[in-house]
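**Student:** Next up is a structure, given as structure tokens.
The values are calculated or read from the model by the stated rules, or taken from the named source; none is laboratory data. The structure presented is a predicted model; accordingly, all values stated were derived computationally and were not measured. Glycine also receives a Cβ, built like all others from the backbone with ideal geometry; neighbour counts cover every protein chain displayed.
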Amino acid sequence: MIFHSTPFRRWLAPWLLILSSAAGLSGADLKFETPPTLSTEAQALVTLLENAHYNRGAVHSEQYKEVVPEYMTALDSQHLFFLEPDKVDFSSRYGNNVYYNVDYLGKIDAAYDIFYLYDDRVTSRIGWIFGELKKDFDFTAVDTYRLDRSKLDYWPADKAEADELWHKRLKYEVLDQLLNNKTLDQAREVVRKRYERMLKNVGETEGSELAELFLTTIAGLYDPHSTYFSADTYEDFGIQMKLQLVGIGAMLGTEDDTCVVREIVPGGPADLNRQLKPNDKIIAVAQGDGEPVEIIGMKLRKIVDMIRGEKDTRVRLIVQPSSATDSSVRKEIVITRDVVKLDSARARAAVFQVPGADGKTVPLGVITLPAFYGSGDEGDTDSDKSSASEDVEKLIVQLKQAGIQGLVLDLRHNGGGFLSEAIELAGLFIHKGPVVQVKDYEGDIQVDSDRAENLSYDGPMAVLVDRFSASASEIVAGALQDYGRAVVIGDSSTHGKGSVQTVVEMKRFAPQLANSPAKTGAAKITIQKFYLPDGSSTQLKGVVSDIVLPSIDQYLPIGESDLPHALVWDKIRTSSFHGEPINHRVLARLQLLSTERQANLKEFDFLRNYVDWFKDRQAQKLVSLNLVERRKQKEADDAFRKDSKLERDELAKADYPFKEFRLGAPLPPRIVAPKAADANKDGAPKDDDSDLEDTDDDANADAYGKVDVSLREALRVVNDAIDLGRNHEFWASDHAPLTVAAKG
């Protein structure tokens, strides 16, 4: 099985990322041993990585010493429990022997010994926490706490420094609850229960989980998308590999004890609800009208059980939005559980009436593609089997019948899918020719081309992208850019996932395991890289936009370049294709016109103000521990959000009118959270409007949200290209800008 799909952040056995320990346990009480089957799998994994991984030549045995501090960080991601001398000691004892022990002996004793100390550190620390929670807190002093310590490469120097760090962390956690309208006693109780859950979680840790984490850390040396699946994880493949929560259609992971939304599954309940966003943190879960239960520190499998449920039942998620700059901000999202239906995930389109230079409106089409799905998608039970390319082709026919003069292909938040669909879809807009080059670990290059003679659309077009556009999306955007078929608009670049993974079952790879009655695991490893027709890799750099628009995505760690050990960007020879990038005179003119609008239109002032505010808040690495200061900042942030919402509502009056086209059955109505006044009852979280994307409370709101500044500008750029096409001075060869060259 080969994956050409969505960008997965590096994820490990999620239950081990919880910083926790078991009550009453210490390292001396725990004893893990490596079963013979696991020992064989550990050796097989190294062999597989050294012989089949794309990056095999860049990793050498001496680099395995990095596994020790990285495994410690996987256990203690915020560098809170271990001490710096612990790292020095473990690196000295195990660092130089990791490769030999695993590859030659099949031993992973280092994983167990490091965990024994981790357990001891956490057990004693949580006992200390319970004592500190009984004491008074001074919220009048001027002090700060570094909220995100994950990027640090060091731990506290000694116990005294660790105690000081934890004094600040506890103060921050209690203060966060006070800002959410808790009393001091209630805040203490919330924090105490959080650490009680952590105690329970580590008590349930098993040796196979530690092995999975340790061996995944080894695989991660080669690239961030390679991982090891234990036998149990591989058996539970649907959930553990995709992190997909059955019931709402979201892919989740854990970071620093907190459940994080990795991605939204196109067409799932969360996608249709349009309130839950990637990188949102789920703080608590409530069933129907029940009381919310905090899930910080809870195992992911238990969270899955809480969120999944009967079809047509409601689950309420208390979320810290990814766009929120204050960690105390909460938003309630109500989602009705359902299955992911292909009709809901299918491409959709609309015809927008965009004002032209002469004052008359110009009909321009938009096709929104959430994923590169295919008729072979697992779980597709719809009677009308479809694929992304077929659906887009059908929509193009409808848009052309509606008289469109230009087209925007919206690939924002499209994480990829079937490579074959990317090739077929690109072929709708170009004469036959290379679309993508695929290079394997032996250096062999395969050129995948569109071979269709006929075009579906040959007029002016743009591709709209963001930092979440990945894999197959980058292939299409990059190919159309190489052929000069479309101007790429959006974030400065796309995600940058230009690699292909395959899953190898250990039983099939290691002959000595073939007849073993024991369950065996598997490995997901990177085996290929993608390259565009001009030879440029989409890895790391992604596809660079021709016209860049303001975006908060630039200040979020969501790209491939933010992942550890990411594969490098490179370039191979250019394939033989009949095309060239947009003429520099045309592109310069389009960029100039867009720049002028970005400088003069109120909607860009609105967007820039939000981006600047968000950027400033993100730059504040230290959080104040003074209650008065935090309340002032929270009041200022709330006022900013309120003013932004009012301005957004005013700008929405200028939204372009449009008519929508859909394939398949009509969408179900949206389910939204209670109004703010209701949501505040009994101290429940209040809804916030921090997200610039559509948060309209109208359950029947259109699929195209209010004040979509990026889409508006993409439409205007296409309109500019149409105008330039009327001036032969801007023609390249025998065709107008952003159109297909005439044959022959």
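**Student:** Please verify whether Tyr172 is within 25 Å of Lys299 (Cβ to Cβ), outside the structural domain of Ala619 (by TED's automatic domain parsing), among the hydroxyl-bearing types (Ser, Thr, Tyr) and touching a strand residue (DSSP E or B) at 6+ places or on another chain (Cβ under 6 Å), treating the condition exactly as stated.
**Tutor:** Taking the combined requirement at face value, the residue satisfies it.
**Student:** Hey, any hits in the range 164-180 for a residue that's out of contact with any Phe, Trp or Tyr (no Cβ under 8 Å at 6 or more places or on another chain), touching a residue at least 60 places away in the same chain (Cβ under 8 Å) and assigned to a loop (DSSP other than H, G, I, E, B)?
**Tutor:** Looking for residues that are out of contact with any Phe, Trp or Tyr (no Cβ under 8 Å at 6 or more places or on another chain), touching a residue at least 60 places away in the same chain (Cβ under 8 Å) and assigned to a loop (DSSP other than H, G, I, E, B), one finds at least one in the range 164-180, hence yes.
**Student:** If you don't mind, there's one more thing I want to ask. Quick one: Val246 ticks every box in (1) surrounded by fewer than 24 Cβ atoms within 10 Å (Cβ to Cβ); (2) modelled with pLDDT of 85 or more bar one, so which box is it?
**Tutor:** (2)
**Student:** Also, I was wondering about something else. Is it the case that Ala677 is among the aliphatic types (A, V, I, L, M), surrounded by fewer than 16 Cβ atoms within 10 Å (Cβ to Cβ) and at pLDDT below 50?
**Tutor:** Yes; evaluated as a whole, the condition is true for this residue.
**Student:** Another question, if that's okay. When residues of the range 250-259 are filtered for being more than 14 Å from the chain's Cα centre (by Cα) and not in a loop (DSSP other than H, G, I, E, B), how many remain?
**Tutor:** Matching residues across the range 250-259 total 1.
**Student:** Here is a follow-up. Evaluate the range 605-626: report whether one residue or more is over 31 Å from the mean Cα position of the chain (by Cα) and touching a residue at least 60 places away in the same chain (Cβ under 8 Å).
**Tutor:** Checked against the condition, which is being over 31 Å from the mean Cα position of the chain (by Cα) and touching a residue at least 60 places away in the same chain (Cβ under 8 Å), the range 605-626 yields at least one hit.
**Student:** Let me ask something additional. What number of residues within the range 262-315 are crowded, with 18+ Cβ neighbours inside 10 Å, over 22 Å from the mean Cα position of the chain (by Cα) and acidic (Asp, Glu)?
**Tutor:** Adding up the residues that qualify gives 0.
**Student:** For Arg508, work out the one condition from (1) charged (D, E, K, R); (2) assigned to a loop (DSSP other than H, G, I, E, B); (3) not assigned by TED's automatic domain parsing to the domain that holds Gly365 it doesn't fulfil.
**Tutor:** Failed condition: (2).
**Student:** OK, next. What tally of residues in the range 575-604 results from selecting those that are assigned to a helix (DSSP H, G or I) and without any contact (Cβ under 8 Å) to a residue 60 or more places away in the chain?
**Tutor:** Matching residues across the range 575-604 total 9.
**Student:** Confirm whether Val487 is closer than 29 Å to Thr595 by Cα, in contact (Cβ under 8 Å) with a residue 40 or more places away in the chain, of a type in the set (Val, Ile, Thr) and not assigned by TED's automatic domain parsing to the domain that holds Lys151.
**Tutor:** yes
**Student:** So if I check each of Leu651, Leu646, which one is assigned to a helix (DSSP H, G or I), at pLDDT 95 or above and more than 24 Å from Gln554 (Cβ to Cβ)?
**Tutor:** The unique qualifying residue is Leu646.
**Student:** Okay, next question. Testing Pro557 on (1) modelled with pLDDT of 95 or more; (2) surrounded by fewer than 19 Cβ atoms within 10 Å (Cβ to Cβ), one condition comes back false. Which one is that?
**Tutor:** Every listed condition holds for Pro557 apart from (1).
**Student:** In the range 106-126, what count of residues is obtained for those that are in contact (Cβ under 8 Å) with a residue 40 or more places away in the chain and either over 28 Å from Arg192 (Cβ atoms) or touching a Cys at 6+ places or on another chain (Cβ under 6 Å) (or both)?
**Tutor:** 7
**Student:** For the range 491-531: of the residues being touching a helix residue (DSSP H, G or I) at 6+ places or on another chain (Cβ under 7 Å) and β-branched (Val, Ile, Thr), which is surrounded by the most Cβ atoms within 10 Å (Cβ to Cβ)?
**Tutor:** Thr494
**Student:** Now a separate question. Quick check on my filter: what residues within the range 429-456 are surrounded by 21 or more Cβ atoms within 10 Å (Cβ to Cβ) and of a type in the set (A, V, I, L, M)?
**Tutor:** Ile430, Val435, Val436 - these are the residues of the range 429-456 that are surrounded by 21 or more Cβ atoms within 10 Å (Cβ to Cβ) and of a type in the set (A, V, I, L, M).
**Student:** Ok, one more. Which ones in the range 590-631 are among the polar types (S, T, N, Q), under 30 Å from Tyr145 (Cα atoms) and modelled with pLDDT of 95 or more?
**Tutor:** Once the filter is applied, which keeps residues that are among the polar types (S, T, N, Q), under 30 Å from Tyr145 (Cα atoms) and modelled with pLDDT of 95 or more, the range 590-631 yields Asn609, Ser624, Asn626.
**Student:** Let me ask something additional. Confirm whether Lys541 is within 21 Å of the chain's Cα centre (by Cα), within 20 Å of Val476 (Cα to Cα), surrounded by fewer than 21 Cβ atoms within 10 Å (Cβ to Cβ) and assigned by TED's automatic domain parsing to the domain that holds Ile445.
**Tutor:** Yes; evaluated as a whole, the condition is true for this residue.
**Student:** Return the only residue of Ala162, Ala211, Ala187, Ala157 being crowded, with 19+ Cβ neighbours inside 10 Å, out of contact with any Cys (no Cβ under 7 Å at 6 or more places or on another chain) and closer than 22 Å to Pro85 by Cα.
**Tutor:** Answer to the check: Ala162.
**Student:** Give the residue that is surrounded by the fewest Cβ atoms within 10 Å (Cβ to Cβ), with candidates limited to residues of the range 410-426 that are at pLDDT 95 or above and not in a helix (DSSP H, G or I).
**Tutor:** Here the residue is Arg412.
**Student:** What helices (runs of 4 or more DSSP H) lie completely within the range 66-111 and have 1 or more residues being in contact with a Gly (Cβ under 9 Å, 6 or more places away or on another chain)?
**Tutor:** Because the criterion is at least 1 residues that are in contact with a Gly (Cβ under 9 Å, 6 or more places away or on another chain), the helices (runs of 4 or more DSSP H) in the range 66-111 that meet it are 67-75.
**Student:** Can you work out which of the residues in the range 133-148 that are charged (D, E, K, R) and in contact with a Leu (Cβ under 6 Å, 6 or more places away or on another chain) is surrounded by the most Cβ atoms within 10 Å (Cβ to Cβ)?
**Tutor:** Only one residue tops the list, namely Asp143.
**Student:** Let me ask something else. Can you tell me which residues in the range 13-64 are modelled with pLDDT of 50 or more, buried (at least 22 other Cβ atoms within 10 Å of the Cβ) and farther than 18 Å from Met506 by Cα?
**Tutor:** Scanning the range 13-64 gives Tyr54, Tyr64.
**Student:** If I go through the range 70-94 residue by residue, how many of them are without any contact (Cβ under 8 Å) to a residue 40 or more places away in the chain and surrounded by fewer than 19 Cβ atoms within 10 Å (Cβ to Cβ)?
**Tutor:** Final tally of qualifying residues: 5.
**Student:** Could you give me the residue pairs with C-beta distances under 7 Å whose first residue belongs to the range 449-460 and is assigned to a loop (DSSP other than H, G, I, E, B), whose second residue is acidic (Asp, Glu) wherever it lies, and which are 6+ apart or on separate chains?
**Tutor:** Qualifying pairs under 7 Å: Ser456/Glu393.
**Student:** What is the number of the single condition among (1) modelled with pLDDT under 90; (2) polar (S, T, N, Q); (3) surrounded by fewer than 23 Cβ atoms within 10 Å (Cβ to Cβ) that Thr361 does not meet?
**Tutor:** Tallying (1) modelled with pLDDT under 90; (2) polar (S, T, N, Q); (3) surrounded by fewer than 23 Cβ atoms within 10 Å (Cβ to Cβ), Thr361 fails exactly one: (1).
**Student:** Restricting to the range 297-314, count the residues that are touching a Lys or Arg at 6+ places or on another chain (Cβ under 6 Å) and modelled with pLDDT of 85 or more.
**Tutor:** Within the range 297-314, residues that are touching a Lys or Arg at 6+ places or on another chain (Cβ under 6 Å) and modelled with pLDDT of 85 or more number 1.
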